[in-house]
Amino acid sequence: MPKTVDFLFSDSLQNPKFLWFTAVFFFVFTPLALGIDSVVLAQDFAFGRTVTNILAVFYFGMMFCSAHDTLRQLMLHMVWLSYVGELIFCEWLGMYHYRTPGIPLYVPFGHAIVYASGYIWAHKAWAIRNESLVRKIFTGLFLTSFLAVGWWLNDIFTLVFAVFFFALLKRKRWQNLYYFIAVCVVFIELVGTYFGCWTWSEKTFGYLPAANPPIGAVFFYAGGDVLLAKLVQKLNQKRIK
């Protein structure tokens, strides 16, 4: 992983400083964009969803144009891959639903923004230098959070999928990349459910109690991230051949 630091933030980037800015500003952009699509604002502003769609695509474009080719590939493939995931988990399994029927345009682009933000944070030099310490802090925070919501909110969903989340991390040698992305995931889930942009079902699959949102959902994001990385790797191998 340390080798990727210079690769990601090298002079070959279109604009490394601006790329870093977009990853930091993610925590400001998210409540701004989702707030415009909120249930409360929708009562008086019918075009909120359209504005949020435009903002998400625009923000995606800014990150994409500032990124290295590898991150660009990951972002592009994340858009369609996450849309497929939305069809499965939202439309088919009914694990959550948006405030209006269908999947908003900003959602697949938002997934790519979340992934890219976590990716950029994870590849900063300070994160690499303190890799072991960062891992310990994240492990403690996530373990505590999983147990807390499971106990106080009766979020059995989170308790179950937290096990799978840590099992996946172990398989991926505890890469902090997945922790950083998970932080961005938890943040956007909290903001999105707060504004009523989407709501998680009280019982997943009809019997598994879940909070709104269940932070154990990070497992599904992590699984998608692993699938994304393997997909891009396979495509690049074919291109070299």
Length gained when the stretch Val28-Lys230 is fully extended (0.36 nm per residue, less Cα-Cα span): 69.7 nm
Relative contact order %, region 131-241, counting alpha carbon pairs below 8 Å whose residues are six or more apart: 32 percent
Alpha-carbon gyration tensor eigenvalues x 5, square-rooted, for the chain, Å: 27, 23, 17
Potential extension, Phe187-Leu143 segment - 0.36 nm per residue separation minus Cα distance: 14.2 nm
Normalised contact order of the chain, rounded percent, pairs of Cα under 8 Å and 6 or more residues apart: 25 percent
Within straight-line cross-link reach of Lys234, aspartates and glutamates at Cα separation under 16 Å, skipping those fewer than 8 residues along the same chain: Asp69, Asp225
In Å², nearest 10: area of His77 left accessible to a 1.4 Å probe: 40 Å²
Per-residue [θ]222 nm for the chain (sum of -39500 (n - 2.57) over DSSP H runs n ≥ 4, rounded to 500): -23000 deg cm²/dmol
Label-point separation, Trp20 to Trp151 (7 Å along Cα→Cβ), nm: 3.9 nm
Under 19 Å from the Cα of Lys203 - aspartates and glutamates, other chains or at least 8 residues apart: Glu86, Glu91, Asp155, Glu189
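The values are calculated or read from the model by the stated rules, or taken from the named source; none is laboratory data. It should be emphasised that the depicted structure is a prediction, and the values quoted were computed from it without experimental measurement. Neighbour counts are summed over all protein chains in view; Cβ atoms, including those assigned to glycine, are modelled from backbone coordinates with ideal geometry. Keep in mind that these areas ignore ligands, DNA and RNA; they rest on the heavy atoms of the full protein, side chains included. Shrake-Rupley method; radii C 1.70, N 1.55, O 1.52, S 1.80 Å.
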